[in-house]
Amino acid sequence: MTTVGFRPPAYPYDRLAPLAAVAAAAEGGVVDLSVGTPADPPPAAVVEALARSGAERGYPPSVGTVELRSAAAGWMARRLGVRVPDSTVAACVGSKELVAGLPQWLHLRRPDRDTVLYPAISYPTYAMGALLAGLRAVAVPLDERSRLDLTAVGAEDVDRALCLWSNSPGNPAGGLDDLDAVGAWGADHGVPVLSDECYVELTWDGPRRSILRTGTAGRLAVHSVSKRSNLAGLRVGFYAGDPELVTYLSEVRKHAGFMVPGPAQHAAAVALEDDAHVEAQAARYRRRLERLAGILAEAYGVEVALPGGGLYLWVPAPGGDAWAFAERLATEAGCLVSPGEFYGPAGVDHVRVAVVQPDDRIELVARRLGVV
Ligand SMILES: Cc1ncc(COP(=O)(O)O)c(C=O)c1O
């Protein structure tokens, strides 16, 4: 059968298979710094809570259990200084499915708008969500500090905008948007702002920021326990903000059968009530960011700025050739990194290094490169 419509592109990380094979040949095996998947353990109490929820039998509430919504709202108040009613918080099956699905659901409500604005160097799912909904994805340039430059959005794109994505701290470049200004821009132009804040507890430069700090109208904050609690396998996230938007989305998602499994909802609530494990994890990431930045600077003479937040180094490739640098790192250091084009054409001259491997694996990279 010949198809004429959508053909999924190669998944970015699948394109790394040849380099993974090269890195795997190094003695001691590959040190995988490509995907931002946690390698450190989640809290034991959370894993134990999975077995004790008693929530296996019945269907879980799509919008989220009372326990999860209340834990999420409590977490936002405690960690972000944002107070929202539990009724304006709803669950998602990890944040990726929500990010990918939002344009489709928002477009059903606003069929007169066909454009998704998103950061020019970013997590690929923002653009993919537009594509999956048959919409236009329009990249917003970033300034020299990797923040959205909203002055660069053309008038026609503003008029057609269904939503604007912000991601702060940003993946991959680690920038911190001025979220108050981004929220104000959305209000001025009548464009809902979707703020992906899944790295907020890994903010290195200044206080943690949320789009909801200065209001909820026309704003949605998206969160996840994947990174904060090393629970990417649990698949629990949540979104909060504009009451009308949260109600609309949770109703649509209930019809479509999106549900976080009951035991996972209970375990996520337990995780959200504890901050000590997050502080310990943040310290680990911070130490590894500094160590890897030092290793790469010494071995390759590259200038590696520490990010404003998040768990990635955004490293300029020598000579501007990211694939060549990724290949050198696979060959010479047995380590796998992501070429910047995975995050948009504006990222072609960088590689992204996720500091997700344990310290002894990072020291192995150092030894392979002759750095002590
Ligand atoms: C910016 C950003 N948003 C969302 C996600 C999705 O995370 P999850 O679906 O595990 O909540 C990721 C994962 O890497 C990410 O980097």
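The values are calculated or read from the model by the stated rules, or taken from the named source; none is laboratory data. Everything numeric here is computed off the predicted structure, so don't read it as measured data. When we count neighbours, we look across all protein chains shown, and the Cβ atoms used for this are built from the backbone with ideal geometry, even at glycine. Note: areas computed on protein heavy atoms with side chains; ligands, DNA, RNA excluded. Shrake-Rupley method; radii C 1.70, N 1.55, O 1.52, S 1.80 Å.
Quick look at the values:
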| read-out | value |
| --- | --- |
| Which listed residue, of Pro141, Pro111, Pro103, Pro60, is more than 16 Å from Gly344 (Cα to Cα), out of contact with any Phe, Trp or Tyr (no Cβ under 7 Å at 6 or more places or on another chain) and surrounded by fewer than 18 Cβ atoms within 10 Å (Cβ to Cβ) | Pro111 |
| Residue count, the range 146-166 (criterion: in contact with a Phe, Trp or Tyr (Cβ under 6 Å, 6 or more places away or on another chain) and within 11 Å of the ligand (Cβ to nearest atom)) | 1 |
| Selection from the range 339-363 of residues that are closer than 19 Å to Arg291 by Cα and either at pLDDT below 95 or open to solvent by less than 30 Å² (accessible area, probe 1.4 Å) (or both) | Val351, Arg352, Val353, Ala354, Val355, Val356, Ile362 |
| Failed item, numbered, when Val365 is tested on (1) in contact with an Asp or Glu (Cβ under 7 Å, 6 or more places away or on another chain); (2) within 18 Å of Val22 (Cβ to Cβ) | (1) |
| Test: residue in the range 287-299 that is more than 24 Å from His350 (Cβ to Cβ) and out of contact with any Lys or Arg (no Cβ under 8 Å at 6 or more places or on another chain) | no |
| Enumeration of residues in the range 215-228 that are open to solvent by 30 Å² or more (accessible area, probe 1.4 Å) and in contact (Cβ under 8 Å) with a residue 40 or more places away in the chain | Thr216, Lys227 |
| Residues being open to solvent by 30 Å² or more (accessible area, probe 1.4 Å) and among the acidic types (Asp, Glu) - total across the range 234-248 | 1 |
| Among the residues listed as Leu202, Leu231, Leu212, the single one being modelled with pLDDT of 95 or more, farther than 29 Å from Ala187 by Cβ and open to solvent by less than 20 Å² (accessible area, probe 1.4 Å) | Leu231 |
| Residues of the range 77-99 satisfying the condition of being surrounded by 18 or more Cβ atoms within 10 Å (Cβ to Cβ), in a helix (DSSP H, G or I) and within 16 Å of the ligand (Cβ to nearest atom) | Ser95, Lys96, Leu98, Val99 |
| Residues being under 12 Å from the mean Cα position of the chain (by Cα) and more than 12 Å from the ligand (Cβ to nearest atom) - total across the range 169-183 | 0 |
| Of all residues in the range 114-125 being within 12 Å of the ligand (Cβ to nearest atom) and assigned to a loop (DSSP other than H, G, I, E, B), the one that is surrounded by the most Cβ atoms within 10 Å (Cβ to Cβ) | Ser122 |
| Breaking point among (1) among the basic types (Lys, Arg); (2) over 15 Å from the mean Cα position of the chain (by Cα); (3) near the ligand (Cβ under 10 Å from one of its atoms), for Arg235 | (2) |
| Residue within the range 55-68 that is modelled with pLDDT under 95 and assigned to a loop (DSSP other than H, G, I, E, B) present | no |
| Test: residue in the range 154-167 that is open to solvent by 40 Å² or more (accessible area, probe 1.4 Å) and not in a helix (DSSP H, G or I) | no |
| Criterion violated by Val260 - all others in (1) within 16 Å of the ligand (Cβ to nearest atom); (2) outside any strand (DSSP E or B); (3) closer than 27 Å to Ala354 by Cβ; (4) in contact with a helix residue (DSSP H, G or I) (Cβ under 6 Å, 6 or more places away or on another chain) satisfied | (4) |
| Residue that is surrounded by the fewest Cβ atoms within 10 Å (Cβ to Cβ), among those in the range 15-52 that are among the hydrophobic types (A, V, I, L, M, F, W, C) and within 16 Å of the ligand (Cβ to nearest atom) | Ala39 |
| Residue that is touching a strand residue (DSSP E or B) at 6+ places or on another chain (Cβ under 7 Å), modelled with pLDDT of 95 or more and within 28 Å of Asp275 (Cβ to Cβ), where the choices are Leu33, Leu16 | Leu33 |
| Test: residue in the range 126-136 that is closer than 25 Å to Glu341 by Cβ, in contact with an Asp or Glu (Cβ under 7 Å, 6 or more places away or on another chain) and within 14 Å of the ligand (Cβ to nearest atom) | no |
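For every residue, the table says whether it meets (1) within 23 Å of Leu68 (Cβ to Cβ); (2) within 16 Å of the ligand (Cβ to nearest atom); (3) of a type in the set (Gly, Ala, Ser); (4) assigned to a helix (DSSP H, G or I).
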position: Trp185; (1), (2), (3), (4): no, no, no, yes
position: Asp205; (1), (2), (3), (4): no, no, no, no
position: Arg209; (1), (2), (3), (4): no, yes, no, no
position: Ala217; (1), (2), (3), (4): no, no, yes, no
position: Lys227; (1), (2), (3), (4): yes, yes, no, no
